[in-house]
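*Asks:* Submitted below is the structure of interest, expressed as structure tokens.
The values are calculated or read from the model by the stated rules, or taken from the named source; none is laboratory data. The structure displayed is predicted, hence computed values, not measured ones. Positions of Cβ are generated from backbone atoms using ideal geometry, with glycine treated the same way; all protein chains shown enter the neighbour counts.
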Amino acid sequence: MILFKRNYMRFKYLIILLLFSLNQLFPSEKPLKILTLNVWSGLNYEGTCKVGEYESNMRREQRFNSLLIQIRTLEPDIIFLQEVNPACSYSSRLADSLGYNEIHHVCNAGLKILGLGIPSNLNEGLAILSKPDYGLEKSDVWKLSGSTGVNGDIINIHFDESEYALVGIIKIKGVPFYLINVHIFAAIGINYGLRQKLDSMYQNRIISNEEYENALSDWDKGLRRQTEEVREILSRMDDLRDSIPVIMAGDFNSTPESGVIKKVQFSGKMFHTYGSTFPYSWNPFTNKNIEYTLEIDSKDKEKLDAYNKLSSDFDKLPKTIDYIFLNKLFEPQDVKETKIVMDSLVNGVQPSDHFGVLSEINTESILSHTPRETDQVKKLNDFTIEPLPILNYDSDAGFGYGAKAFTLNMLKMNESFDVILFNSTKGERWYRFVFSIPDYDLRQFKKYPLSIDFTIDYDKWITSNFFGIGNSSNYNDKQTYTKEPLEVGLIFGHAFSKAFVAQTGVKYKSVKQYNFTNQSELFLKYPQLKQGKIEYLSLLFNARFDTRNSFTNPSTGSVVQLESEIVPTTNFNDASFTRMSLLLQQYFILCYPRTVLAFRFGMQSIFGTGIPVQNLLSLGGNSTLRGSVQDRYLDKTSSVFNAELRFPIYWRFGGIAAIDAGKVWSSISKFDLRNWAVNTALGLRFYMNTFVIRFDVGFGKESTGIYLNFGQLF
């Protein structure tokens, strides 16, 4: 018996040691700690040049320190914050103090440019923070309610309270998670005691019939606004990929029995993490900050109308209004614990008028059955085709007709075919074929071992322009001839990282020029045109650093590209030269609704002697200098600068306002910033699923251009 006990104890210790060793070798995933807290702006939102503040700067600083200390104690992985004021500096300061990453959005700021304007102390918004391992990125911003306006770090123009949802994305072991930070409009919830109080005030003639009706109307409007905001959230969630887990949290300003929370629950898309009990996240009996504000407000309560008196009474009731929701990829058993936090006093001060809600979520199950994302190009399963008839007017080409077709993944190889067939009354014959594998957008900001782009571009102009060489060429000296260029290119690429791409390939180009007279300046100055055609083979090399979030329609990111084209001296080539180019592009979101500011600077130069006019660099037309006619300026060196403000209009329609500038020189050494041609442009965009339709009107000093084409200008 003693021997059995000894062996049993040895066996038990062996099992414990084995389990400990396995845990060290294969550690289980730690629960994900999620914290949501309305940090309280401390403002009463009344005033024009400056809104009222409930507390001093010293007290606000004490609250920030209380918040910081308690977050450090809790060590949450993800933090959702509402009423962050000022949104940018507050969230940045908190993230820097914690060593977290952050994203934010300014929701309510009045009239401001670069943070300057009125009300001077209002820049309130939403923020999401996460530990740096999760690679937090901003994905989108959804406007939930409020009148037409724009909101962002750089510019704010709005005249009433706007509510938004901030959408971020993180990755845990390669699995993406959407994060949605929500702040719902504050309204009085359904409360029979307050309704009886309102009825009693009317019956006892404390308020007039008009005040009574206005209070009921405001009450109903508030509840309907909350419902519409939640409906908008659920609708926008349909646009998210359904294979990705979603965590939504925030201040819903609604109790569990309200229609708002039930709508989320009964949608079948989300469930909250509370379970069957709902601890109070708003409790005026234990939160000193609520007591503080109610005490101040009570002094002016008699000045309030009936609805706001009821709202003040509603604030005196403890309730659950802050939530964490998970989508249906999670299971209820994944919720390990949910509790109220951030309720402690630090140096006599609590961090907010809300308490925080902390949920610990087990992610082992969801990580085991959710597809991981990599930096590689994702394999598509679906086939897409988008045909488009073309009927348009272009000032250079005249009235045009034709068709465009784009296919994606027809061969199940992530490839795309892009075909354009176009004729016009002024004699343009444009036939273009592009085969790309992988498709440009699929490989954008992805790693891939090899890309292939094969292009055939035939663009005949029966009436082509010639004004002379250089910037001093006279518009009135315009002469016309027929130009018939053909390009065939084969380019191979390799992505060394998501951002760095190198390409090399070959290009065949031929240009026929005819239908000019012996008296033509073009003919007299360039006798080599007697041959009527040049053709050559060139070698292409380029290196590109590219962080754009899309190839077709970027809204963020940068491009730095260096390119070289070499035409060697051979018996086949009718020319010999080297072309070098530099391209810089920058995109960033200026404000929401998503308004993008985009810049492009390009410079290129040809080196060589006896270069045919067919190979000179040109400016003018729909791809460089809108408003100036096609090939308005020609020379060996050219530079162009474009700035576009791209903004949404309605549905798939968008608009642009732009400035185009350009100049040419006889050599790169003569580059200067004086006397550039500067044109303005306005345009419309129609966004298809796989490409963009572009319509622009350019305004130059000599002419006005009307253009229809495909893709953004850059």
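*Asks:* Of the conditions (1) buried (at least 23 other Cβ atoms within 10 Å of the Cβ); (2) part of a strand (DSSP E or B), P176 fails just one. Which one is it?
*Replies:* (1)
*Asks:* Could you check the stretch 643-670 and list, in sequence order, the residues that are under 35 Å from the mean Cα position of the chain (by Cα) and assigned to a loop (DSSP other than H, G, I, E, B)?
*Replies:* W651, R652
A quick yes/no check of all residues on (1) farther than 19 Å from S41 by Cα; (2) at pLDDT 95 or above; (3) touching a His at 6+ places or on another chain (Cβ under 7 Å):
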site: S276; (1), (2), (3): yes, no, no
site: P284; (1), (2), (3): no, yes, no
site: E291; (1), (2), (3): no, no, no
site: K299; (1), (2), (3): yes, no, no
site: L317; (1), (2), (3): yes, yes, no
site: P332; (1), (2), (3): yes, yes, no
site: E337; (1), (2), (3): yes, yes, no
site: I340; (1), (2), (3): yes, yes, no
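*Asks:* Let me ask something else. For residues in the stretch 653-679 being of a type in the set (S, T, N, Q) and without any contact (Cβ under 8 Å) to a residue 60 or more places away in the chain, which is nearest to Y475 (Cα to Cα)?
*Replies:* Out of the qualifying residues, it is N679.
*Asks:* Among the residues of the stretch 589-616, how many are free of Cβ contacts under 8 Å to residues at least 60 places away in the same chain and on the phi < 0 side of the Ramachandran plot?
*Replies:* Summing the residues that are free of Cβ contacts under 8 Å to residues at least 60 places away in the same chain and on the phi < 0 side of the Ramachandran plot in the stretch 589-616 gives 10.
*Asks:* Across the stretch 685-707, what is the number of residues that are surrounded by fewer than 18 Cβ atoms within 10 Å (Cβ to Cβ), more than 18 Å from the chain's Cα centre (by Cα) and of a type in the set (S, T, Y)?
*Replies:* 2
*Asks:* Contact list please: Cβ distance under 6 Å, first residue in the stretch 433-461 and farther than 24 Å from V560 by Cα, second residue basic (K, R) and surrounded by 17 or more Cβ atoms within 10 Å (Cβ to Cβ), pairs at least six apart or on different chains.
*Replies:* Note: pairs meeting the criteria are D457/R432; W461/K483.
*Asks:* What residue, among those in the stretch 243-256 that are surrounded by fewer than 23 Cβ atoms within 10 Å (Cβ to Cβ) and either of a type in the set (A, V, I, L, M, F, W, C) or at pLDDT below 95 (or both), is nearest to A187 (Cα to Cα)?
*Replies:* V246
*Asks:* Here are the criteria: (1) at pLDDT 95 or above; (2) of a type in the set (F, W, Y); (3) surrounded by fewer than 16 Cβ atoms within 10 Å (Cβ to Cβ). Tell me which single one Y393 does not satisfy.
*Replies:* Unmet condition: (1).
*Asks:* In addition: For the stretch 626-642, give me each residue that is part of a strand (DSSP E or B) and either of a type in the set (D, E) or touching a Lys or Arg at 6+ places or on another chain (Cβ under 8 Å) (or both).
*Replies:* Of everything in the stretch 626-642, those that are part of a strand (DSSP E or B) and either of a type in the set (D, E) or touching a Lys or Arg at 6+ places or on another chain (Cβ under 8 Å) (or both) turn out to be Y633, D635, T637, S638, S639, V640, F641, N642.
*Asks:* Okay, next question. Just to be sure I understand the filter: pairs with C-beta atoms under 7 Å, separated by 6 or more residues or on different chains, first member in the stretch 338-367 and within 14 Å of I324 (Cβ to Cβ) and among the acidic types (D, E), second member at pLDDT 95 or above and surrounded by fewer than 16 Cβ atoms within 10 Å (Cβ to Cβ). Which pairs pass?
*Replies:* Pairs found: E360/K336; E360/E337.
*Asks:* Cβ-Cβ distance below 9 Å, separation of 6 or more or different chains: which pairs start in the stretch 59-70 with a residue that is in contact (Cβ under 8 Å) with a residue 12 or more places away in the chain and surrounded by fewer than 19 Cβ atoms within 10 Å (Cβ to Cβ) and end on one that is in a helix (DSSP H, G or I) and of a type outside the set (G, A, S)?
*Replies:* R59/Y292; F64/Y90; F64/R93; F64/L94; L68/L94; L68/L98
*Asks:* Which one of G259, G275, G268, G250 is touching a helix residue (DSSP H, G or I) at 6+ places or on another chain (Cβ under 9 Å) and at positive phi?
*Replies:* Exactly one of G259, G275, G268, G250 is touching a helix residue (DSSP H, G or I) at 6+ places or on another chain (Cβ under 9 Å) and at positive phi, namely G275.
*Asks:* Looking for whichever is surrounded by fewer than 16 Cβ atoms within 10 Å (Cβ to Cβ) and among the aliphatic types (A, V, I, L, M) here; the options are L304, L240, L310. Which one fits?
*Replies:* Residue meeting the stated conditions: L304.
Condition check ((1) assigned to a strand (DSSP E or B); (2) farther than 27 Å from P176 by Cα; (3) assigned by TED's automatic domain parsing to the domain that holds D140) across all residues:
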residue: S235; (1), (2), (3): no, no, yes
residue: G268; (1), (2), (3): no, no, yes
residue: F271; (1), (2), (3): yes, no, yes
residue: P279; (1), (2), (3): no, yes, yes
residue: T286; (1), (2), (3): no, yes, yes
residue: N289; (1), (2), (3): no, yes, yes
residue: D313; (1), (2), (3): no, yes, yes
residue: Q333; (1), (2), (3): no, no, yes
residue: K339; (1), (2), (3): yes, no, yes
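*Asks:* Determine, yes or no, whether G189 is of a type in the set (G, A, S) and under 24 Å from G222 (Cα atoms).
*Replies:* Considered against the rule, which asks whether it is of a type in the set (G, A, S) and under 24 Å from G222 (Cα atoms), G189 comes out as yes.
*Asks:* Since T374 meets every condition but one in (1) among the hydroxyl-bearing types (S, T, Y); (2) surrounded by fewer than 16 Cβ atoms within 10 Å (Cβ to Cβ); (3) assigned to a strand (DSSP E or B), which condition does it not meet?
*Replies:* Here T374 meets the rest and fails (3).
*Asks:* Quick test of your reading of the structure: N689 fulfils all but one of (1) part of a strand (DSSP E or B); (2) in contact with an Asp or Glu (Cβ under 9 Å, 6 or more places away or on another chain). Name the failing condition by number.
*Replies:* (1)
*Asks:* A follow-up question, please. How about the stretch 325-346: which of its residues are out of contact with any Asp or Glu (no Cβ under 8 Å at 6 or more places or on another chain), surrounded by 14 or more Cβ atoms within 10 Å (Cβ to Cβ) and among the aliphatic types (A, V, I, L, M)?
*Replies:* Scanning the stretch 325-346 gives L329, I340, V341, M342, V346.
*Asks:* Is the stretch 347-363 home to any residue that is assigned to a loop (DSSP other than H, G, I, E, B), among the aliphatic types (A, V, I, L, M) and surrounded by 18 or more Cβ atoms within 10 Å (Cβ to Cβ)?
*Replies:* Among the residues of the stretch 347-363, not one is assigned to a loop (DSSP other than H, G, I, E, B), among the aliphatic types (A, V, I, L, M) and surrounded by 18 or more Cβ atoms within 10 Å (Cβ to Cβ), which makes the answer no.
*Asks:* Also: For V182, work out the one condition from (1) within 22 Å of K262 (Cβ to Cβ); (2) outside any strand (DSSP E or B); (3) at pLDDT 95 or above it doesn't fulfil.
*Replies:* (2)
*Asks:* Filtering the stretch 260-275 down to residues that are surrounded by fewer than 16 Cβ atoms within 10 Å (Cβ to Cβ) and touching a residue at least 40 places away in the same chain (Cβ under 8 Å), which residue is nearest to T338 (Cα to Cα)?
*Replies:* Selected residue: G275.
*Asks:* Given the criteria surrounded by fewer than 20 Cβ atoms within 10 Å (Cβ to Cβ) and either in the same structural domain as L408 (by TED's automatic domain parsing) or charged (D, E, K, R) (or both), does Q630 qualify?
*Replies:* No; evaluated as a whole, the condition is false for this residue.
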